[in-house]
Amino acid sequence: MKEKDINARIINFWNWFESISDDLFKNVKRSDLLDQIDTRVSFLGRLDWEIGPLDESNYYFAISPNLDDKKFQLTQEIVGYAPNCKGWKFFSSKPSKEWEGKWTMKNEKNEEIFIDTTDWKYVLYQFEDSTFAMDILIDKVDGDLNTCQLAVDIALIGYLGEEKFMNLIKDIKIITDLGNEQINRLTKLRNILKHIDDISS
């Protein structure tokens, strides 16, 4: 796609978003508007998006590279065109969340399943370039390996934020068996942001 074409699409998208921003703010679960966002974001590329509460008086709208660091420059460019909309903050990747790490999602059979990461644990390994690999011990997930991997991705985006996840976590292994050394190093997943910040500081 030519740069002129994508720029025009970006401008058209934000002009439309600005026109519906007040209505969406009043009800961020309006299915007709969410369906339109889905369609209009697809015109910008193979990207993802997310809406959620930012604080007591604002919502965020994130256009996400979907954990593809090659698309992060595009989402940054898109958000660079974002207008000022009362009650809205815009991000070029999904932010970390103040959450309990619990949600529902669809598995590979299109069945709705409940994910609870309260007791998920991990072991972190640091590389020389200050990025990390991790072994992660998860509770039973009602799905195949792809479903489990998707659940892990969602959890890490929620706890770390998508940009930090893409930049710092370079390898993830879902484990079921632990050696003695791993047992002694297990950390609750909900603590991973503080853990990494402590190591990196």
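The numbers here are math on the coordinates, done by the rules we state, and not lab data. Given the structure is predicted, the values throughout are model-derived calculations rather than measurements. Glycine gets a Cβ as well: all are built from the backbone with ideal geometry, and neighbour counts include every protein chain shown.
Between the alpha-carbon centres of region 119-147 and region 18-48 there is a gap of 32 Å. Per-residue ellipticity at 222 nm from helix content only, as computed over the chain with -39500 (n - 2.57) for each DSSP H run of at least four residues, stands at -13000 deg cm²/dmol. Think of the chain as a dipole: +1 on every Lys or Arg Cβ, -1 on every Asp or Glu Cβ, centred on the Cα centre; then among 174, 19, 60, 19 lies furthest on the positive end.
Contact order, relative form, for region 57-116: 33 percent (alpha carbon pairs under 8 Å, 6 or more residues apart, mean separation divided by residue count). Over the Cα atoms of region 3-91, the radius of gyration divided by the Kirkwood radius equals 0.94; this is the Rg/Rh ratio.
Find the relative contact order for the chain and round it to a whole percent, using C-alpha pairs within less than 8 Å whose residues are 6+ positions apart. Could the numbers behind the result be given before it?
On the way: 275 pairs, mean separation 33.5, N = 201.
Relative contact order for the chain comes out at 17 percent.
Our coupling estimate for region 49-65, obtained by passing each phi through the Karplus curve with A = 6.51, B = -1.76, C = 1.60 and θ = phi - 60°, is 8, 7, 10, x, x, 9, 7, 5, 10, 9, 10, 10, 10, 10, 9, 10, x Hz, Gly and Pro reported as x. Normalised by 2.2 N^0.38 Å, where N is the number of residues, the alpha-carbon radius of gyration of region 113-201 equals 1.04.
Start at zero, step by 5 Å, and the Cα-Cα distances of the chain spread as 1, 7, 14, 16, 18, 15, 12, 9, 5, 2, 1, 0 percent across the bins. Any idea what angle helix 3-26 forms with the longest principal axis of the chain, computed on alpha-carbon atoms, 0 to 90 degrees, nearest 10? It works out to around 90 degrees. Which one, 122, 93, 138, projects farthest toward the positive side of the charge dipole computed for region 62-201 from Cβ point charges (K/R +1, D/E -1)? Positive-end residue among those listed: 93.
Computed from the C-beta positions of residue 46 and residue 98 and an R0 of 35 Å, the FRET efficiency is 0.75 to the nearest 0.05.
What do you get for the angle between helix 145-160 and the principal long axis of the chain? Use alpha-carbon atoms, 0 to 90 degrees, nearest ten. Tilt relative to the chain: about 70 degrees.
Distances between placed amide hydrogens fall under 5 Å for residue 91 paired with 61, 62, 63, all partners being 5 or more residues away or on another chain.
Taking packing as the residue-averaged number of other Cβ atoms within 10 angstrom, the listed peptides 147-153, 55-61 run from highest to lowest as 147-153, 55-61.
Once you charge only the Cβ atoms, +1 for Lys and Arg and -1 for Asp and Glu, what is the size of the charge dipole of the chain about its Cα centre, to the nearest 20 debye? Show your work: numbers first, answer last.
Numbers: 26 positive and 36 negative charges, 78 e Å.
Taking the Cα centre of the chain as origin, the dipole is about 380 debye.
Beta-bridge orientation, the chain: approximately 65 percent antiparallel, per DSSP, counting only bridges with both partners inside. Rounded to the nearest 10 degrees, the inclination of helix 31-42 to the longest alpha-carbon principal axis of the chain is 80 degrees.
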